[in-house]
1. Could you list, in sequence order, the residues of the stretch 27-72 that are within 22 Å of residue 274 (Cβ to Cβ) and of a type in the set (Ser, Thr, Tyr)?
2. Please list, ordered by residue number, the helices (runs of 4 or more DSSP H) wholly in the stretch 312-397 having 1 or more residues that are of a type in the set (Val, Ile, Thr) and either in contact with a Gly (Cβ under 9 Å, 6 or more places away or on another chain) or in contact (Cβ under 8 Å) with a residue 60 or more places away in the chain (or both).
3. Return the residues of the stretch 428-443 that are within 25 Å of the chain's Cα centre (by Cα) and closer than 17 Å to residue 204 by Cβ; say none if nothing qualifies.
4. Among the residues of the stretch 448-470, what is the count of those that are open to solvent by 30 Å² or more (accessible area, probe 1.4 Å) and at pLDDT 75 or above?
5. For the stretch 44-56, indicate whether the set of residues that are without any contact (Cβ under 8 Å) to a residue 40 or more places away in the chain, more than 22 Å from residue 96 (Cβ to Cβ) and surrounded by 15 or more Cβ atoms within 10 Å (Cβ to Cβ) is non-empty.
6. Take the conditions of a type in the set (Lys, Arg), over 26 Å from residue 151 (Cα atoms) and modelled with pLDDT of 90 or more and apply them to residue 302. Does it pass?
7. Given the condition in contact with a Lys or Arg (Cβ under 9 Å, 6 or more places away or on another chain), in contact (Cβ under 8 Å) with a residue 24 or more places away in the chain and either open to solvent by 60 Å² or more (accessible area, probe 1.4 Å) or in a helix (DSSP H, G or I) (or both), answer yes or no: does some residue in the stretch 63-74 qualify?
8. How about the stretch 230-264: which of its residues are assigned to a strand (DSSP E or B) and of a type in the set (A, V, I, L, M)?
Amino acid sequence: MNRKIRILVVDDDSLLRKLVTEQLAKGDFDAAPAASGQQALDILRDTDYDVMLLDITMPDLSGLDTLREIRKLEDPPEVIMLTADTSLSTGIEAMRHGAYDYLTKPATLDEMEAVIRKADEKRRLVKQNASLRSVARPALGVDEVLPIFHENAAMAALVAQAENAARTDSTILITGESGTGKDVLARLIHSKSARHATPIITVNCGAFPETLFESEFFGHERGAFTGASTLRRGLLEAADGSTLFLDEIGDLPLAMQVKLLHFLEQGRFRRVGSTRDQSADVRIIAATNRNLADEVQRKHFREDLYYRLNVVALHVPPLRERPEDISGIIDYFLGVYRQRFNRPELDLSPAARRRLADYAWPGNVRELRNCLERAAALSTGEVIEADQMLGAGRQGPGSEEKKQSASALPALSSTTLEELEREHILRVLHESEGNRERAAAILGISSRTLYRKLREYETHTHSVGLATEA
């Protein structure tokens, strides 16, 4: 992590103020000076600081009076008082009014640095806890790192690249078909990074209405709009010091793409309704199942943001291109369902395993997982047979049924990826009896994304009714 602690040095002694600011700036700090308490308050209204070194004895507005005003701010810095008084009473009085600590002049640089780091750590944890309480996060297994099976050579190379990328803070763009496990790869990267002790924050860019996205992403000030009765910290502040995983980045509205690019370039942002800059030390990992280069050509995605995200590019191959991994994935999810359904003897027959190994899996790992869960939930015996694998009314394409499967699933050699995806989406929609919400849940995408794809299919095939709610 390359975050610098932002410090405001407030002292009416110009020589001391200049010396302390310059010495801190030589270290791991971003230090700025202020000559008076009033100037410090004016600066804080425009810019966010993590820690303030505040002299107690100053003309006009004293240090204690300044401290009282600072504590009234919505998001104040931690304050360390500087005093020439060697008695305990002054320091205790300052801490009673909300100071983090106090230092007696002349304090050494090492003493200042130690207290500053502790104060910053306290403020960061307080902000992070408040942010995590204010943003919605998945309830189940949010920080669980699922295994990535990589018997396949291409998948093994991908995992090695991901682990190497985890050691840096570079922005990562993960591409791959829906259901390949892009989110699992993002969690692996986070778990191997220097940020692993903090929770990864995940946001589905297609899940928020465009009108709410900015507020959810950057947060908002109290009174910023009707209904904004309290300050709300956004996803960026929740991810401060951690990783923010932007799933379905291709669905990010163009207006928000500009603001995201600004944050990536500057490391700074503003809450909705605020004129004050905030900073956050966030590592961005983005993922998409769309071809962003094509989206750039269609003017649906900003070219500058695309290149800013595409610093480290990782592509997750579809399951059909890594059949060596299917067996391990089957065994892993069987173990999950043995425990979940309290059926320790649950297993697949050899014919069922062959059927799963021979299937093309257009829905990738997600479809395989759902298939196993459905079979485990519906089977009555401890051994799941081949004809139970793909559900009632569907014939699974096992090795003995390749001719039937060829008519049910387009041949891979003559089918484009987009056509394969369309066939899979329409099939799931049909099985969901036209219910878009249910189909989107099965596919693992947002209803908004599904609706957009169905509109595209209507346009390209001159069909009607695909995007109509059933």
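1. 47, 49, 66
2. Counting at least 1 such residues, we get 326-340, 364-378.
3. 437, 439, 440, 441, 442, 443
4. Of the residues in the stretch 448-470, 5 are open to solvent by 30 Å² or more (accessible area, probe 1.4 Å) and at pLDDT 75 or above.
5. Within the stretch 44-56, not a single residue is without any contact (Cβ under 8 Å) to a residue 40 or more places away in the chain, more than 22 Å from residue 96 (Cβ to Cβ) and surrounded by 15 or more Cβ atoms within 10 Å (Cβ to Cβ).
6. yes
7. Yes, the stretch 63-74 contains a residue that is in contact with a Lys or Arg (Cβ under 9 Å, 6 or more places away or on another chain), in contact (Cβ under 8 Å) with a residue 24 or more places away in the chain and either open to solvent by 60 Å² or more (accessible area, probe 1.4 Å) or in a helix (DSSP H, G or I) (or both).
8. Selection gives 244, 246.
The values are calculated or read from the model by the stated rules, or taken from the named source; none is laboratory data. As the structure is a computational prediction, the values presented were derived from the model and not from experiment. Neighbour counts run over all protein chains shown; Cβ positions are idealised from the backbone, glycine included. Heavy atoms of the whole protein, side chains included, go into the accessibility calculation; ligands, DNA and RNA do not. Shrake-Rupley method; radii C 1.70, N 1.55, O 1.52, S 1.80 Å.
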